[in-house]
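Heads up, the thing below is written out as structure tokens.
The values are calculated or read from the model by the stated rules, or taken from the named source; none is laboratory data. Note that the structure is a prediction, hence the values are computed from the model and not measured. Virtual Cβ from ideal backbone geometry, glycine too; neighbours counted across all protein chains shown. Calculation scope for accessible area: heavy atoms of the full protein, side chains included, ligands and nucleic acids excluded. Shrake-Rupley method; radii C 1.70, N 1.55, O 1.52, S 1.80 Å.
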Amino acid sequence: MVYNGVAAHRFVASLTGASNSAAELSPVNAGLTLKKGNTYYALYPYDESARWSGTSVTFTLPSLQNPVAGTFSYNPSVAYTTSSDMAFRNVCALVEFSVSSDNVSKIVFEGGGNEDVAGKIRVDCKTYPPTAEVVTGAKSVTVEGSFVPD
């Protein structure tokens with residue numbers, strides 16, 4: 001999701017380069033382009049319910065998530081640029097795990113100090129590093145669904 005100060009637009013990322021360390025953003029709606037000299041803010045992944053205000057975006061980090069083998073199913077990141085290049089920065093920590101059995105259907109993560117680990121958050125895309133401000137928090141994240149061993 002790329003925000004130009006007026007409206008948010010959906011873009012799709014395609015990996016480029018030999019190392020897949022960069023992605024090219026293509027607009028879902030034809031005719032939208034990132035122009036050097038303009039200011040843009042971005043949120044990954046696209047979130048239709050996200051709300052922008054100035055340089056900040058408010059969105060929900062879900063407390064209920066589905067497992068997606070081999071990927072990070074939800075990794076919120078933000079970016080800011082005045083050119084056509086963006087560097088996305090993670091908003092929160094990532095947790096990678098594997099299961100050793102096919103009878104696992106749910107895993108619950110909680111903070112060690114009773115802190116919020118999900119919920120509605122606000123992030124200023126222009127600050128570095130990005131800092132999440134909790135608007136409405138959740139004390140746990142539940143990953144529930146079909147898990148694939150290893």
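With the contact rule set at Cα under 8 Å and sequence spacing of 6 or more, what percent relative contact order holds for segment 19-123?
Computed value for segment 19-123: 30 percent relative contact order.
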(message) At 1.4 Å probe radius, can you tell me the per residue accessible area of segment 33-115 in Å²?
(response) 62
(request) List nothing, just return the count: lysine pairs in the chain, 8 or more apart or interchain, with Cα separation under 21 Å. (result) 4
(message) Full-extension gain between N75 and V99, please, as 0.36 nm times their residue separation minus the C-alpha to C-alpha distance.
(response) 6.6 nm
(message) Solvent-accessible area of T131, probe 1.4 Å, all protein chains present, reported in Å² to the nearest ten, please.
(response) 100
(message) Beyond 27 Å, how much of the Cα-Cα pair distribution for the chain remains, as a whole percent?
(response) 30
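Could you look at segment 60-122 and say what percent of its accessible area is carbon and sulfur, using a 1.4 Å probe and all protein chains? Provide the component values of the computation, followed by the final result.
Details: 1790 of 3940 Å².
Roughly 45 percent of what the probe reaches on segment 60-122 is carbon or sulfur.
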(request) May I ask you to derive the FRET efficiency for V12 and A50 from their Cβ-Cβ distance with R0 = 25 Å, giving the value to the nearest 0.05? (result) 0.90
(request) Kindly report, to the nearest 10 Å², the accessible surface of K126 as traced by a 1.4 Å probe over protein heavy atoms only. (result) 110
(request) Starting from the residue with the highest accessible area, list F109, F59, F11, F72 in decreasing order, probe 1.4 Å. (result) F72, F109, F11, F59
(message) Probe radius 1.4 Å, ligands and nucleic acids left out: which of R51, R89, R10, R122 has the largest accessible area, and how do the rest follow?
(response) R51, R10, R122, R89
